[in-house]
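A short write-up of the structure that comes next.
What follows is calculated from the coordinates using simple rules that are stated; it is not laboratory data. Bear in mind the structure is a predicted one, so any value in this text is a computation, not a measurement. FYI the Cβ positions are ideal-geometry reconstructions off the backbone, even for glycines, and counts take in every protein chain you see.
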Amino acid sequence: MKIATWNVNSLKIRIEQVMDWLASSQCDILCLQETKLTDENFPADVIKAAGYHVAYSGQKTYNGVAIIAKQPISNVVTDVPGLDDPQRRIMCATVGDIRVLDLYVVNGKEVGTDKYHYKLNWLEKVTDYIADQQQQHENFVVVGDFNIAPEDRDVHNPVSWTDKILCSKPERDALQKIVDLGFTEVFREFDQPEKSFSWWDYRSGGFEKNMGLRIDLILTTEAMTKQCTSCVVDTEPRKLERPSDHAPVVAEFG
DNA sequence: ATGGTGGCGCGGCCA
C-alpha cells in the first residue's frame, strides 16, 4: 500500500503527468497540492475514468488540494476548525482504514512579513486539528508540502539558507511541535542518499545542480510507522519536460 | 543578485 504527496504546481498543466505517474507508481493514495483549479474546472472525469476515486478543494489561480485513491474516499474535511481562511490548503479524508491529512502549508515569502506570521498562525491552528484527528484515528498520516526543511541536511546550502524562509527556527519549531504529538517523519526512518531533496527552484537550473530543499514530508502515527517499509523521493517526474518544481514523495506500508 | 524561471492570465502576484 503506497501513499504519496506531490505538489503539482497546476493540475491543468500536469494532469497527464499525474495520470502517467499513478499508473507507473501503482500508488494507492495520492495527495496533491497547488492544483490551482476551481472545483468546477477540476478534471474529475479523467481521474474517475481511470478507475480512481477523487476529492478536491480548489480555488482560482492559487493553492488547491486533492486526494486521489483506489478505494472510496469519505468524511472529507476542507477547513481547519477555528481558522476562518478562504485559502484552499487542507483536505482530511478517510480511505479504507486510514485517516489522511493533505496539507499545502503556507510558503511565508520572507521571515518577518505578514505572510510569515500568517504561516506560523496557520501552523498553530493546524497543529490543534492534527492533535484532534490523532486522538480519533490510530492509523493517521499527515502529508504534504510543508514548506519547511526540517534540518540542515535537507538543504543544499544550509549556510546561505540560515534563518531564511523555509528554514527559520520558528518554522522548524512549529514542525517539531507536530512531530512531538507522536509522529515520525518517516523519510528519515530509512537509509537515504545524501542531498535528498523534493523541491528545486525553476530558476538557475536548480534541479540540474541538485540545489534543492526537502520540504515535502510524510508524518506517521506509531501504528503506521510500524507498518512502513520504505519512503523515497521519486525524482523521475522532475526530469520530464515542463515538470512541477516538486517531486513526489512515496511511503510504502506492508 | 531588488535577479534568476514558471503558472496564471494578460499586469502583476505568487512561489
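Tally time: how many residues in region A:1-18 are within 16 Å of DNA strand B (Cβ to nearest atom) and over 15 Å from the mean Cα position of the chain (by Cα)? So the answer is 6. Hey, among the residues in region A:100-118 that are part of a strand (DSSP E or B) and not aliphatic (A, V, I, L, M), which one's farthest from A:ILE165 (Cα to Cα)? Here the residue is A:ASP102.
Against the numbered list (1) within 19 Å of the chain's Cα centre (by Cα); (2) buried (at least 21 other Cβ atoms within 10 Å of the Cβ), A:SER25 comes up short only at (2).
Remark: pairs (first residue in region A:202-223, surrounded by fewer than 24 Cβ atoms within 10 Å (Cβ to Cβ); second residue of a type in the set (D, E, K, R); Cβ separation under 6 Å; 6+ apart in sequence or on different chains) = A:TYR202/A:ASP245; A:PHE207/A:ARG238; A:ASN210/A:LYS195; A:ALA223/A:GLU138.
Which count do you get for residues in region A:59-78 that are farther than 23 Å from A:SER10 by Cβ and surrounded by 15 or more Cβ atoms within 10 Å (Cβ to Cβ)? Of the residues in region A:59-78, 3 are farther than 23 Å from A:SER10 by Cβ and surrounded by 15 or more Cβ atoms within 10 Å (Cβ to Cβ). Within region A:179-198, residues that are exposed (fewer than 14 other Cβ atoms within 10 Å of the Cβ) have Cβ atoms under 9 Å from residues that are in a helix (DSSP H, G or I) in these pairs: A:GLU194/A:ARG153; A:LYS195/A:ARG153, counting only partners at least 6 apart in sequence or on another chain. Applying the condition of being under 17 Å from the mean Cα position of the chain (by Cα) and more than 16 Å from DNA strand B (Cβ to nearest atom) to region A:129-146 and asking which residue is farthest from A:ILE90 (Cα to Cα) yields A:PHE140. Under 6 Å by Cβ, and 6 or more places apart or on different chains, what pairs join a residue from region A:9-35 that is over 22 Å from A:THR94 (Cβ atoms) with one that is assigned to a strand (DSSP E or B)? Partner pairs satisfying both residue conditions: A:GLU34/A:ASN7.
Screening A:THR94 against (1) farther than 16 Å from A:PHE146 by Cα; (2) in contact with a Phe, Trp or Tyr (Cβ under 6 Å, 6 or more places away or on another chain) leaves a single unmet condition, (2). For region A:103-128, a residue qualifies if it is within 16 Å of DNA strand B (Cβ to nearest atom) and acidic (Asp, Glu), and the qualifying residues are A:GLU110, A:ASP114.
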